[in-house]
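For reference, the structure is listed below as structure tokens.
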Amino acid sequence: MDAAAPIDLATWPRREHFEHYRHVVPCTYAMTVELDVTAFVDALRRSARRTYVAQVWALAHVVNRHVEFRLCVTEAGEPAAWSTVHPSFTVLNPERETFASVWTPYDPDFATFHDAASALLTEHRTATTLFPQGPRPANTFDVSSLPWVSFTGFDLQVQTGWGHLAPIFTLGRHHERDGRVLLPLAVQVHHAAADGFHTARLVQEVQALLAAPDWVDAS
């Protein structure tokens, strides 16, 4: 695994914001949006590819475009950035009513990622431990899904959140309204890493990716 690259504080435009929201007013925030996934759902109905895996890849694809969502803190407490981050996502064991957390290396090619992630979901759907693959790499971010319920708000209360710079995503059950299919998405962000501007841009880019889902069946 590549080490995170230290950020040059002398030239970093975000230095003052980072220090303020890490040490003076440490805080995280959550944003819940509805994504229009009409075209995305239609494409997946015609495809053999898995919806959840496609959702996870779309998030990972956009997260990896932006350094603010690849930040971490070194052991010395200094900001650094990973070159690539990988999604960690959940799979339910319905008999036990518990879930496992698995991760797949991000690949910019959706077909490659889909095959690897789908195999993991199949392999670990009966997992009895939280992390069946063992310890996760440090350069992962979390995605979870609540496909049983739609929601208009979702907020995590992370005790150690002041030191957790990676974004956290929660997907809900999609639903129809006025002829469109809408997907709830909650994004939990550390304010030291990203402001509302950055999170809004991330959401807009995910929306654009889902609105033009030609990549779903690309080989």
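Just so it is clear, none of the values below were taken in a lab; they were calculated from the coordinates. Every value quoted in this text rests on a predicted model; they were computed, and no experiment measured them. FYI the Cβ positions are ideal-geometry reconstructions off the backbone, even for glycines, and counts take in every protein chain you see.
Between the Cα long axis of helix 51-63 and the first principal axis of the chain there is an angle of about 20°, rounded to the nearest 10. Normalised by the number of residues in the chain, what is the relative contact order in percent for Cα pairs under 8 Å and 6+ residues apart? That works out to 32 percent.
Residues considered: E68, E176, E97. Largest GNM mean-square fluctuation over the chain, using C-alpha springs under 10 Å, is found at E97. In the elastic network of the chain, a GNM with C-alpha springs shorter than 10 Å, the most mobile of L130, L209, L121 is L130. To the nearest µm²/s, what D does Stokes-Einstein give for the chain at 25 °C and 0.890 mPa s, using the Kirkwood radius over alpha carbon pairs as Rh? Reported coefficient: 135 µm²/s.
Largest GNM mean-square fluctuation across S118, S145, S47, computed for the chain with C-alpha springs under 10 Å, falls on S47. DSSP beta bridges confined to the chain are antiparallel in about 75 percent of cases.
Straightening the chain between A116 and A200 buys 27.3 nm, computed as 0.36 nm per residue apart minus the Cα-Cα spacing. Judged by the gyration tensor of its Cα atoms, with axes a ≥ b ≥ c, the stretch 105-219 is rounded; a/c sits under the 1.5 cut. Among residues other than L120 with Cβ under 14 Å from its Cβ, the summed charge is 0 (Lys and Arg +1, Asp and Glu -1).
Model label points for D109 and E16, set 7 angstrom from Cα along the Cα-to-Cβ axis, are 4.6 nm apart.
How far, in degrees from 0 to 90, does helix 196-211 lean away from the longest principal axis of the Cα atoms of the chain, to the nearest 10? The answer is roughly 20 degrees. Taking each DSSP H run with n ≥ 4 as -39500 (n - 2.57) and averaging over every residue of the chain yields -8000 deg cm²/dmol at 222 nm.
Between the helical axis of 110-123 and the longest alpha-carbon principal axis of the chain there is an angle of about 80 degrees.
Going by a ≥ b ≥ c, the root eigenvalues of the Cα gyration tensor, does the stretch 71-128 fall in the rounded group (a/c under 1.5), the prolate group (a/b larger than b/c) or the oblate group?
Details: a/c = 4.71, a/b = 1.57, b/c = 3.01.
Taking the square roots of the gyration eigenvalues as a ≥ b ≥ c, the stretch 71-128 is oblate.
Here the extension length gained between Q157 and D2 equals 52.8 nm, from 0.36 nm per residue of separation less the Cα-Cα distance.
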